[in-house]
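Just below is one structure, and these are the notes that go with it.
The values are calculated or read from the model by the stated rules, or taken from the named source; none is laboratory data. Source: prediction; values computed, not measured. Here the Cβ positions follow ideal geometry from the backbone for every residue, glycine too, while neighbour counts run over all protein chains shown.
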Amino acid sequence: MLDTELTDALPELATRRGEAERRLPPHRGSLDAALLAHALVAVLDEIDYGIVLLVDGGARIATINHAARSALDDHHPLLIARGALEARSPADLALLRQAVDEAARQNRRRLLTLGSGAHRSSMAVVPVALGDAEAPAVLVVLGKRAVCEPLSINGFCRSHGITGAETRVLMALAGGVAPKQIARQLGVALSTIRTHIISLRAKTGAASIGALLTRVACLPPLRCVLRGSCGAPSGPHE
């Protein structure tokens, strides 16, 4: 239901219809504003950052992408209540509302860190201009819980001829797991993990494992069609 409100929440989609049409190749014909809004919702679902767009001065959620729905679980400091973005603790709620209000009224951008312990989470709160609207919309971008999408790592590994075993090692390294722990998890010797790391560097041309992980962190998102678990390596196995 939230996604269906996007056309009303983003009036510039209609007012800028002519501009959008001019950017299309002539043979594509005209682009209906509702179709453009629907396409925008689909595009947002391909982004691996959680995105929540707030309107009416930040009081109402206009749209929320799949990554945000997945992130806002029982442990996240934010939650959805009555069509609005709220926080679980009163202190976090006060900080969130202040940031949203400043974005809507003062065009201020802020980075918040809410929650506590292992469930602390960062998010960006930024204003989004809506043409002639009195107040801008407010975009809340949730911090990611993983460096990269598993499917992106799988695609990267396939393109470099990396084996399934090496892919599992790379995924674990990207998740912040130390080589010794990876060896225990996979039930192999530490020397085997080190051999895989050497092979990963050789196949990708990375100067160090840190450089390789930086490349992995910069991969574009490739999200699973089923929006489920796509983490199993699909490359060849040794």
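Exactly one of these conditions fails for K180: (1) outside any helix (DSSP H, G or I); (2) surrounded by fewer than 14 Cβ atoms within 10 Å (Cβ to Cβ); (3) among the charged types (D, E, K, R). Give me its number. Exception for K180: condition (1).
Here's the yes/no breakdown for (1) surrounded by 15 or more Cβ atoms within 10 Å (Cβ to Cβ); (2) more than 22 Å from A59 (Cβ to Cβ); (3) more than 15 Å from the chain's Cα centre (by Cα):
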{"residue": "V128", "(1), (2), (3)": "yes, no, yes"}
{"residue": "R145", "(1), (2), (3)": "no, yes, no"}
{"residue": "S152", "(1), (2), (3)": "yes, yes, no"}
{"residue": "E166", "(1), (2), (3)": "yes, yes, yes"}
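Residue count for the stretch 189-212 satisfying the condition of being touching a residue at least 12 places away in the same chain (Cβ under 8 Å), charged (D, E, K, R) and under 21 Å from S159 (Cβ atoms): 1. Within the stretch 160-177, is there a residue that is of a type in the set (V, I, T), in a helix (DSSP H, G or I) and over 30 Å from P77 (Cβ atoms)? Looking through the stretch 160-177, at least one residue is of a type in the set (V, I, T), in a helix (DSSP H, G or I) and over 30 Å from P77 (Cβ atoms).
Could you list all residues from the stretch 33-47 that are within 24 Å of P150 (Cα to Cα) and either crowded, with 20+ Cβ neighbours inside 10 Å or free of Cβ contacts under 8 Å to residues at least 40 places away in the same chain (or both)? L40, V41, A42, V43, L44 - these are the residues of the stretch 33-47 that are within 24 Å of P150 (Cα to Cα) and either crowded, with 20+ Cβ neighbours inside 10 Å or free of Cβ contacts under 8 Å to residues at least 40 places away in the same chain (or both). Looking at the stretch 86-97, can you tell me whether even one residue there is outside any loop (DSSP other than H, G, I, E, B) and in contact (Cβ under 8 Å) with a residue 40 or more places away in the chain? No. Of all positions in the stretch 60-81, none carries a residue that is modelled with pLDDT under 90, of a type in the set (A, V, I, L, M, F, W, C) and crowded, with 18+ Cβ neighbours inside 10 Å.
Could you please find all residues in the stretch 103-117 being free of Cβ contacts under 8 Å to residues at least 12 places away in the same chain and either closer than 16 Å to T63 by Cβ or part of a helix (DSSP H, G or I) (or both)? If the condition is that a residue be free of Cβ contacts under 8 Å to residues at least 12 places away in the same chain and either closer than 16 Å to T63 by Cβ or part of a helix (DSSP H, G or I) (or both), then Q106, G117 are the ones that fit. T167 falls short on exactly one of the conditions (1) more than 19 Å from R69 (Cα to Cα); (2) out of contact with any Cys (no Cβ under 8 Å at 6 or more places or on another chain), and that condition is (2). S122 meets all of the listed conditions (1) at pLDDT below 95; (2) assigned to a strand (DSSP E or B) but one, namely (1).
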